[in-house]
Structures are given as structure tokens and as C-alpha cells.
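The values are calculated or read from the model by the stated rules, or taken from the named source; none is laboratory data. Since the structure is predicted, the reported quantities are computational estimates derived from the model, not experimental observations. Cβ sites come from the backbone with ideal geometry, for glycine too, and all protein chains shown count toward neighbours. Quick note on the areas: whole protein, heavy atoms, side chains included, nothing else; ligands and nucleic acids left out. Shrake-Rupley method; radii C 1.70, N 1.55, O 1.52, S 1.80 Å.
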Amino acid sequence: MEWLSALLPAFFSAVLGALGMGGGGILLIYLTAFRDTGQLEAQGINLAFFLPVAAVSLLFHIKNKLVDFKLCALLIPAGLAGAYLGVRLAGSLPETLLRRLFAGFLLLIGLKELWSAFQAFRQSGAGSASGTGGDKK
């Protein structure tokens, strides 16, 4: 049964990753919170997991002409430099601090998404006091 509990987060992480939504967060949370994997090890597993998922997703995106290779050529060198610096930084931080930074990052993203949803709800008129759902005739 343990294999099933490992397959579900991997599956949903791959779906979100293929959608370009950064499904690695799900896999990292699963590995660190439920499998008691160290943060750096979880990051390494997540990266190894991501490579085949990204390769398959990229093939479909190329097939559907959804990749701007000129823009990629501009972005990839900056991404490689950022990855190098990120790995160096992560390796130099205590694991407890790294876990807290990751949790804080997830919290900030969640709060931003809640705020955006609240703003959209208010702008739609659904939150109006009249209860008319925004019909302003």
C-alpha cells in the first residue's frame, strides 16, 4: 500500500509539472512531510523526477508549436546561472532553515493566490451587499 501512497503525489506532481505549474512543490511536500526525507535529498529526488516529466512535456509542446526557441536561448543561460547559485546557496544553509524558507515561500504563494481570488470575487460583484450577484442595471 505504501507504493500507492507514493504514486499519487508523483502522478499529480507530474500533471502540474506538465501544465507548467511547478508540480515539484507537491512532491517536495510529500517527501519532506510524509516520507521524512531531508530537504536537500528531496530537492535532488524532485529534480531527477522532473527531468523525464519535462522531456515528455517538452516533446508535446514542441509538436504543438508552443516553444519559442529564440526566447529559450535568452532565458536558459540565466536559468543555468541561477540553478548553480541556488544549489550553492542551498548546500550552505542549515536544513532547518532551508525547510523554513521553503515553507515560507509556499505560504507566500498561497496568500498571494487567496488575495487574488478575493480581489476577483470583489470585482465580479459577487460580494456585493445587495445579494444580486453583481447585476447593476
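Things to note:
- Residue list for the stretch 104-137, restricted to those being more than 30 Å from Q39 (Cβ to Cβ), out of contact with any helix residue (DSSP H, G or I) (no Cβ under 6 Å at 6 or more places or on another chain), at pLDDT below 90 and open to solvent by less than 60 Å² (accessible area, probe 1.4 Å): G125, A126, S128, G133, G134
- Single unsatisfied condition, A6 versus (1) more than 14 Å from the chain's Cα centre (by Cα); (2) surrounded by 11 or more Cβ atoms within 10 Å (Cβ to Cβ); (3) closer than 24 Å to I109 by Cβ; (4) among the small types (G, A, S): (3)
- Of F34, F12, all but one fail to be under 21 Å from G104 (Cβ atoms), open to solvent by 100 Å² or more (accessible area, probe 1.4 Å) and touching a residue at least 12 places away in the same chain (Cβ under 8 Å); the exception is F34.
- So L89, is it over 30 Å from L7 (Cβ atoms), over 19 Å from the mean Cα position of the chain (by Cα) and open to solvent by 80 Å² or more (accessible area, probe 1.4 Å): yes
- Candidate set: the stretch 88-97, residues that are modelled with pLDDT of 90 or more and of a type in the set (A, V, I, L, M); chosen: the one nearest to I29 (Cα to Cα): L97
- Qualifying residue in the stretch 45-57 (condition: closer than 15 Å to L106 by Cβ and either open to solvent by 50 Å² or more (accessible area, probe 1.4 Å) or at pLDDT below 95 (or both)): yes
- In the stretch 15-31, the residues that are modelled with pLDDT of 90 or more and more than 21 Å from L107 (Cβ to Cβ): none
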